[in-house]
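Single-structure report; data block below.
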Amino acid sequence: MTFYNTELKYRVTLDTELNVFVVINQDNADQFATGVTIEQAVQELKKIA
């Protein structure tokens, strides 16, 4: 799924082996972050984007 934030566009996937959400920057696939919740992963992505 692709989501739009006022600051960035991102995709969310679920890693079922590690049970974490992976949020990937839509404009730069090299930038991604993980978190136990989607919100946590998005916050981590904002720090590096």
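Numbers below:
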item	result
Within-14-Å neighbourhood charge of Val23 [Cβ basis; K, R +1; D, E -1]	-2
Cα centre as origin, Lys/Arg/Asp/Glu Cβ charges: the chain dipole, Debye	120 debye
Solvent-free Debye scattering, log10 I(q)/I(0), computed from the Cα coordinates of the chain at q = 0.13, 0.26, 0.28 Å⁻¹	-0.23, -0.91, -1.05
Loop GluC sites (Glu not before Pro), the stretch 7-49 (other Cβ atoms within 10 Å of the site Cβ: 16 or fewer; DSSP)	Glu7, Glu17
Accessible carbon and sulfur surface of the chain relative to its total accessible area, %, 1.4 Å	50 percent
Å² of accessible area per residue within the chain, as computed with a 1.4 Å probe and no ligands counted	73 Å²
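The values are calculated or read from the model by the stated rules, or taken from the named source; none is laboratory data. The shown structure was predicted, so the numbers you read here are calculated from the model rather than taken from an experiment. We place every Cβ from the backbone using ideal geometry, glycine too, and count neighbours over all the protein chains shown. For the accessible areas, the whole protein counts, side chains as well, though only heavy atoms, and no ligand, DNA or RNA atoms are used. Shrake-Rupley method; radii C 1.70, N 1.55, O 1.52, S 1.80 Å.
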